Amino acid sequence: MRYVVATRNRHKLAELERLLAPLKLELLPEHVALPPETGATFRDNALLKARTAAAALNRPVLADDSGLSVAALGGRPGVRSARYAGEGASDRANLEKLVREMSGRADRRAAFVCVLALVDPREGRELVVEGRCEGVLADAPRGEGGFGYDPLFVPDDLGDGRTMAELEPGEKNAISHRGRAAQALLRELGLRS
């Protein structure tokens with residue numbers, strides 16, 4: 001079975017294809033409009049996108065919503081992670097804003113969160129899974145890999161102080177929020193034990 005992913009971002013599609021093999025994925029067709037992400041939670045936004053696209057296409061649709069939740073900021077940037085420095089903000093602008101807001105703060109705990117929602121209108125089925133990667137924020141960005149907040153986020157899992165942007169892709173996928181959500185979805189679909 002083929003699943004439409006509620007995105008037009010080819011990089012996100014490629015990442016999900018790697019994480020969700022053997023599922024067959026394709027980009028959202030241009031004629032399908034996605035709603036604004038108005039939900040209060042990652043779950044709300046993922047379901048909103050998946051339900052909207054599934055209703056328009058009458059096909060199974062997979063959507064994700066993800067971001068960074070910082071304890072000292074009351075969970076911000078949260079669902080506004082991609083727009084933290086304003087609508088249309090670049091990854092760099094978002095990262096710089098977070099660095100400024102975290103300056104001098106002792107509590108540096110944070111978590112990357114990813115919610116994947118799969119809506120199949122033909123079967124009347126909705127699956128929602130969450131993946132989390134706990135860690136802390138470095139004082140300054142490090143590393144050339146990854147994107148978004150990766151240069152600032154130090155995952156707890158490895159214990160060696162490297163940021164997500166300093167990890168090899170395979171290392172990152174094994175512990176990332178999106179990788180964990182993908183594994184949970186494959187288990188729900190009976191494709192992993």
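The values are calculated or read from the model by the stated rules, or taken from the named source; none is laboratory data. Just so it is clear, the model here is predicted, and its values are computed rather than measured. Reconstructed Cβ throughout: ideal geometry from the backbone, glycine too, with neighbour counts over all protein chains shown. Only protein heavy atoms, including side chains, enter the accessible area calculation; ligands, DNA and RNA are left aside. Shrake-Rupley method; radii C 1.70, N 1.55, O 1.52, S 1.80 Å.
Largest GNM mean-square fluctuation across 47, 137, 73, computed for the chain with C-alpha springs under 10 Å, falls on 73.
Counting only alpha carbon atoms, the long axis of helix 10-19 and the longest principal axis of the chain meet at about 80°. Rolling a 1.4 Å probe across the protein heavy atoms gives segment 1-160 an accessible surface of 49 Å² per residue. Spacing of the modelled spin labels on residue 192 and residue 30, each 7 Å from Cα toward Cβ, amounts to 3.5 nm. Against the longest principal axis of the chain, how steep is helix 42-57, in degrees 0 to 90 to the nearest 10, with axes from Cα atoms? On a 0 to 90 degree scale, this one is about 30.
Summarising the label geometry, the points placed 7 Å from Cα in the beta-carbon direction at residue 157 and residue 134 lie 1.4 nm from one another. Helix 177-188 and the longest principal axis of the C-alpha atoms of the chain enclose an angle of approximately 30°.
So which GluC sites (Glu not before Pro) in segment 1-39 end up in coil per DSSP with only 12 or fewer other C-beta atoms within 10 Å? Present the calculation step by step, with values, prior to reporting the outcome.
Numbers: sites: 15, 17, 26, 30, 37; in loops: 30, 37.
Taking segment 1-39 and a limit of 12 other Cβ atoms within 10 Å, the loop GluC sites (Glu not before Pro) found are 30.
Ligands, DNA and RNA left out, the accessible area of the chain computed with a 1.4 Å probe is 49% carbon and sulfur.
Within 10 Å of each candidate Cβ there may be at most 15 other Cβ atoms; applying that plus a DSSP loop requirement, which trypsin sites (Lys or Arg not before Pro) in segment 73-144 survive?
Numbers: sites: 80, 83, 92, 97, 100, 105, 108, 109, 122, 125, 132, 142; in loops: 105, 108, 122, 142.
Listed in order of number, the matching sites are 105, 122.
How many percent of Cα pairs in segment 20-173 exceed 24 Å? Result: 39 percent of Cα pairs exceed 24 Å.
Determine the percent antiparallel among the DSSP beta bridges restricted to the chain, to the nearest 5. Around 80 percent of the beta bridges assigned by DSSP in the chain are antiparallel ones. Residue 1 versus residue 168, label points 7 Å from Cα toward the beta carbon: distance in nm? It is 3.5 nm.
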